[in-house]
Amino acid sequence: MKDQPTTGDFCTAEELADMCGLHPDHVSRLVSIGILEPVNARESPRKFPPGSLEKITRVERLHKDLALSYTAVAIVIDLLDRIAELETRLRDIEEKTSRAH
């Protein structure tokens with residue numbers, strides 16, 4: 001298993017797969033489902049942004065622990081991200097409201 005890239009480094013699908021212990025075709029499948037997004041989708045080799053390794057780890061954990069299909073995992077992650085965004089907005093509103101009183 002390779003060392004993780006440093007913060008700010010982009011990696012290829014092959015590097016990402018190697019770091020996760022997955023086959024590169026699996027990374028491509030996650031791209032086709034919409035779970036992973038390369039920064040240069042139309043170029044070769046595709047490069048993935050920092051945070052992709054953590055995202056794959058999260059995806060694989062949900063897939064394994066909850067026995068969800070990868071399509072279901074994509075929906076769950078989208079909903080969890082939306083919840084986190086709404087919670088952030090709510091905290092911001094609460095802070096502004098408390099300062100106004």
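Every number in this text was worked out from the coordinates using simple rules, so none of it is lab data. Predicted model only: the values in this text are computed from it and were never measured. Cβ sites come from the backbone with ideal geometry, for glycine too, and all protein chains shown count toward neighbours.
Just a few scattered comments:
- Nonlocal amide H pairs with residue 47, under 5 Å, H built at 1.01 Å: 39, 40
- Debye log10 I(q)/I(0) for the range 11-100, one point scatterer per Cα, at q = 0.17, 0.19 Å⁻¹: -0.74, -0.86
- Between 79, 53, 36, the residue with the greatest mean-square fluctuation in the GNM of the chain (Cα pairs under 10 Å linked by springs) is 79.
- Fluctuation leader among 32, 44, 52 - the chain, Gaussian network, Cα springs under 10 angstrom: 44
- Ranking 73, 33, 98 by Cα position along the charge dipole of the range 11-100, where only Lys, Arg, Asp and Glu carry charges on their C-beta atoms, puts 98 farthest toward the positive end.
- Formal net charge of residues neighbouring residue 22 (Cβ-Cβ distance under 11 Å; K, R +1; D, E -1): -3
- For the chain, a Gaussian network of Cα nodes joined below 10 Å ranks 46, 61, 82 by mean-square fluctuation, and the top entry is 82.
- Karplus-derived 3J(HN,Hα) values for the range 58-66, using 6.51 cos²θ - 1.76 cosθ + 1.60 with θ = phi - 60°, are 5, 4, 5, 5, 4, 4, 6, 5, 9 Hz; glycine and proline are entered as x.
- Spatially close lysines, pair count over the chain: Cα under 19 Å, gap of eight or more or interchain: 4
- Note on the range 11-100: with charges restricted to the Cβ of Lys and Arg (+1) and Asp and Glu (-1), its dipole about the Cα centre is near 180 debye.
- Per residue of the chain, the DSSP helices (runs of n ≥ 4 H) give a summed -39500 (n - 2.57) that works out to -20500 deg cm²/dmol at 222 nm.
- Within the range 26-101, the GluC sites (Glu not before Pro) that combine a DSSP coil assignment with at most 11 other C-beta atoms in a 10 angstrom radius are 43.
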